[in-house]
Amino acid sequence: MASFPFILQAHQGSHQVELAYNGQQLEFDGADLNEPKQSSGCFPCGPSSASAGGRRVIKTVEILNITVEHENSLIVSVASAKNGPKNESVLERLVFQVRDKANATQWQSNVLSHVYKDIKRGRHFKVLVNPFGGQGHAKRMWETVAEPIFKAAECTFDLTYTTHRYHAKEIARDLNIRLFDAVVSVSGDGVLHEVINGLMERPDAIIAHKLPVGAIPAGSGNALSYSLLGEDHGGHVTNAVLGIIKGRAMPVDLCSVTQGQGRYFSFVLQSFGLVADVDLGTEDMRWMGEARFTVAAIGKLMSQKSYPCELSYIPVETNVDKIRAEYNYKRQQSVVWADQTYDELDQSHPTIVDRFGGVNTPLNKSDGWITESDDVITAVGAKLPWISKGMLLNPASSPNDGLVDLIVFPKGTGRISGMNIMIGTETGEHIYHDKVRYMKVKAFRLTPKNTSGYISMDGEHTPYTPYQVEAHRGLISVLSIEGRYARSMRE
Ligand code: ADP
Ligand code: MG
């Protein structure tokens, strides 16, 4: 293999161009580059496509394909990951002419081998678009932004527009998984919740759970995408699509939830009290889009309403400074991909066995349960740091530490403290507030002590009855370029 930089002499009209690929980016002086590109400065690392004084820099992740076509033209297809309107199409075809076709073909092959190092080129996806997702924007986002990028990267797909609730779950349950490299949701967390539960319900879950999942943020709540790409980039369809084309399978824990006589899996959050009310009791505010969570939460905190419940949990760490130290220690370790690790299903069980029983079994004292009976403003278990845009509720959440992050706002914070806590949730600083309790637990059980209210599981309504939650390590995998969630805690 040639060594970096891979250089190709080409031209655009009468303008001589030297294309130089150095393993991180492609650079050249363009003839028609008078329009400067906006720089994103973040995703997925380093500066984005930019031209300085006519010099164009394209990051490796943004290169979708290179073809050498008739009459010696060389075409580089690029999707720029950048800030700007979420549904803006940023696909470009950069056309050059080359003299030596054989030489150009060799250069193309060298660059593409590096661009798609460790990942399959031209993946085949099962794509699920919820036409009502994101107040009806999902279909347009798919057609105008996502689909053209997949096509430019020579990815293929089998597309279904969901027609009813649980349709995504039915599809995931019955899917011929051998045909696909991943299943991709173009909606919000609700459709992903269904996909995950469909995969886990299969008799062959032991094989099916290895099918990676991809998330295109086109719903009203897109917690997974924000957690993968961070606050500034999680809402951008282009960034998410690049993560699906270029990402690898990252192991992700699921929470097993037992409630009534049933059991299902949750990947975002299980919430009671204020956070559930905000999530589910604000349908009339949907027109606000993502801002409704913050606006509604401030209103509810001002009322200082609290909710009686009994909360039991098995703590692993309750000191926030230690939680942060562990978080930062883990960030320094190299990431582990799904194909490099074993998970619980691999290890023997054809089905997932809950180690701490379920909501209907007595708590086993030797497991280390602690029980508290008091009103709370909210109690939330979560596996994702961001639960929506602007709400970094569980900053220490890890994709695969095998633990649930449990956060409790006890009753009686007072309005001023409540307001400070709420402001803190935008940056994750609320966990250091002395009225907030934030811990890593193996499992928890919540029993409401009043008769009616909201409980939200991944943003979906569930009965107002006791539930128990337990984390299981690496049960699914999610396509990701970084192999971890965006930084959500300070150093
Ligand atoms: P959003 O965040 O925009 O509400 P979600 O992905 O959370 O998007 O989806 C919300 C719900 O929409 C899910 O519970 C899903 O089952 C449901 N759903 C999907 N397709 C349809 C459809 N065609 N008609 C009605 N509901 C649907
Ligand atoms: Mg939703």
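The values are calculated or read from the model by the stated rules, or taken from the named source; none is laboratory data. Here the structure is a predicted model, which is why all the values come from computation and not from measurement. Because the Cβ atoms are built from the backbone with ideal geometry, glycine has one as well, and the counts that use them run over all protein chains shown. SASA here: full protein model, heavy atoms, side chains in, ligands and nucleic acids out. Shrake-Rupley method; radii C 1.70, N 1.55, O 1.52, S 1.80 Å.
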Once you order the gyration tensor axes a ≥ b ≥ c over the Cα atoms, which shape class does region 359-421 get: rounded for a/c under 1.5, otherwise prolate or oblate by comparing a/b with b/c? oblate
Charge dipole of region 73-207 built from unit charges on the beta carbon (Lys, Arg +1; Asp, Glu -1), centred at mean Cα; most positive-end Cα among L175, L192, H114 is H114
How would the chain be classified by its alpha-carbon gyration tensor: rounded, prolate or oblate, with rounded meaning a/c under 1.5 and the a/b versus b/c comparison settling the rest? prolate
For the chain, what is the percent of antiparallel DSSP beta bridges, rounded to the nearest 5? 85 percent
If you put +1 on each Lys and Arg Cβ and -1 on each Asp and Glu Cβ, how big is the dipole of region 360-491 around its Cα centre, in Debye rounded to 20? 100 debye
With every protein chain in place, the chain: carbon and sulfur % of accessible area (1.4 Å): 51 percent
Under a point-charge model restricted to the Cβ atoms of Lys and Arg (+1) and Asp and Glu (-1), what is the dipole moment magnitude of region 165-233 relative to its Cα centre, in debye to the nearest 20? 240 debye
Between W386 and residues 5 or more places away or on another chain, which pairs have amide H atoms under 5 Å apart, with H built 1.01 Å from N, and which residues are they? S227
Where the only charges are on Cβ atoms (+1 Lys, Arg; -1 Asp, Glu), what is the dipole of the chain about its Cα centre, to the nearest 20 debye? 200 debye
Post the alpha-carbon centroid distance, region 392-435 to region 60-78, in whole angstrom. 47 Å
What whole-number distance in Å separates the alpha-carbon centres of region 235-295 and region 101-143? 25 Å
Relative packing of 437-443, 386-392, which averages over residues the other C-beta atoms within 10 Å, highest first: 386-392, 437-443
For L192, the accessible surface traced by a 1.4 Å probe with all protein chains present amounts, in square angstrom to the nearest 10, to 10 Å²
Whole number in Å², please: accessible area per residue of region 248-297, 1.4 Å probe, ligands, DNA and RNA not counted. 30 Å²
What number comes out for accessible area per residue over region 432-482 if the probe is 1.4 Å? Units Å², please. 36 Å²
What share of Cα pairs, in percent, lie more than 26 angstrom apart in region 56-181? 35 percent
Set Lys and Arg Cβ to +1 and Asp and Glu Cβ to -1, take the dipole of the chain about its Cα centre, and tell me which of T413, V237, L392 lies farthest positive. T413
Partners for K117 among lysines (Cα-Cα distance below 21 Å; same-chain residues under 8 apart left out): K59, K151, K210, K246
Of G134, H472, L26, whose Cα points farthest to the positive end of the dipole of the chain (charges on the beta-carbon: +1 Lys, Arg; -1 Asp, Glu; origin at the Cα centre)? H472
So for region 116-209, using the alpha carbon gyration tensor with a ≥ b ≥ c as root eigenvalues (a/c under 1.5 gives rounded; past that, a/b versus b/c decides prolate or oblate), I'd call it oblate
